[in-house]
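Written out below as structure tokens is the structure these notes cover.
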Amino acid sequence: TKVAVLISGTGTNLQALIDQTKRPSSSAEIVVVISNRPGVQGLKRASLAGIQTRVVDHKLYGSRAEFDSTIDRVLEEFGVELVCLAGFMRILTGTFVKKWTGKLLNIHPSLLPSFKGVNAQKQALQAGVRVSGCTVHFVAEEVDAGAIVVQEAVPVLGSDTEESLSDRIREAEHRAFPAALELVASGTVRLGDDGSITWKSQS
Ligand code: GRF
């Protein structure tokens, strides 16, 4: 399965996906990495791995629709079949999400549906939960609300700061996202027409 990874920054999730797809057993091949910001570390990670990169700078577009359609053109150019949003900090328009429904995965640093939106790790600390984690889900038009593919839980320690919790969640992300990518790229898991997850073994 030809995969695109969309990033906005450091790209540690991208790195985990690169490492996973290098394995001979992988069902996925990352054919392009697209960043909405130039010069970020994730672009260097892609180049080091021999993966083609594109920058689609959202500041150069007059509207979300124009930005999204440029992203879409790059995806079509590379024959992409599955898109991973890995630390991608843009909200995609409904038109784009509709077209790529079932082929769009995102990672969020909480156990959805808890703590949607930004600063999920901070929300968890403020709520006083003792368990948090990360979620890989299909992107739906409602933000952080699509069908869940993989989750991994992590403990929240009394001594945790936003940074220490974020670091622990990120380690879980680097296991959860590659696992979810393989499940979807191999066809084991897909998004059903009713918007729920369908596992291959089920009739
Ligand atoms: C991660 O914390 C992830 O939860 C969020 O983006 C952050 C940065 O990810 N989606 P990365 O290091 O750029 O992959």
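Here, each number is a calculation from the coordinates, and none is a lab measurement. Everything quoted here is computed from the prediction, not taken from an experiment. FYI the Cβ positions are ideal-geometry reconstructions off the backbone, even for glycines, and counts take in every protein chain you see.
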Gap in Å between the Cα centre of the range 70-102 and the Cα centre of the range 131-196?
18 Å
Please get the size of the charge dipole for the range 116-178, origin at its Cα centre, with Cβ charges of +1 on Lys and Arg and -1 on Asp and Glu, quoted in debye to the nearest 20.
160 debye
Could you pull out every one of the aspartates and glutamates with an alpha carbon less than 18 Å from that of Lys98, ignoring same-chain neighbours closer than 8 positions?
Glu66, Asp68, Asp72, Glu76, Glu81, Glu141, Glu142, Asp144, Asp193, Asp194
By the Cα gyration tensor axes a ≥ b ≥ c (a/c under 1.5 gives rounded; else a/b larger than b/c gives prolate, otherwise oblate), the shape of the range 1-107 is oblate
Starting from the Cα of Lys103, draw a straight line to each of the lysines and keep only those under 27 Å, dropping any in the same chain fewer than 8 residues away.
Lys2, Lys22, Lys44, Lys59, Lys116, Lys200
Work out, step by step, the length gained on full extension between Ser186 and Lys22: first 0.36 nm times the residue separation, then minus their alpha carbon distance; give nm to one decimal.
57.5 nm
For the peptides 47-59, 176-188, 123-135, what is the packing order when you average, over each peptide's residues, the other Cβ atoms within 10 Å and list the highest mean first?
176-188, 123-135, 47-59
In terms of the Cα gyration tensor, with a ≥ b ≥ c the square roots of its eigenvalues, is the chain rounded because a/c is under 1.5, prolate because a/b exceeds b/c, or oblate?
rounded
Give the calculated FRET efficiency between Ala127 and Lys2 to the nearest 0.05, with a Förster radius of 41 Å applied to their Cβ-Cβ distance.
0.55
Using the Cα centre of the range 1-152 as the reference point, and only Cβ charges (+1 on K/R, -1 on D/E), how large is the resulting charge dipole? Debye, rounded to the nearest 20.
340 debye
Would you work out which of Cys84, Val40, Thr70 lies farthest towards the positive end of the dipole of the range 26-128, given +1 charges on the beta-carbon of Lys and Arg and -1 on that of Asp and Glu, about the Cα centre?
Val40
Show the residues, 5+ positions off or on another chain, whose built amide H is closer than 5 Å to the amide H of Gln52.
Val33
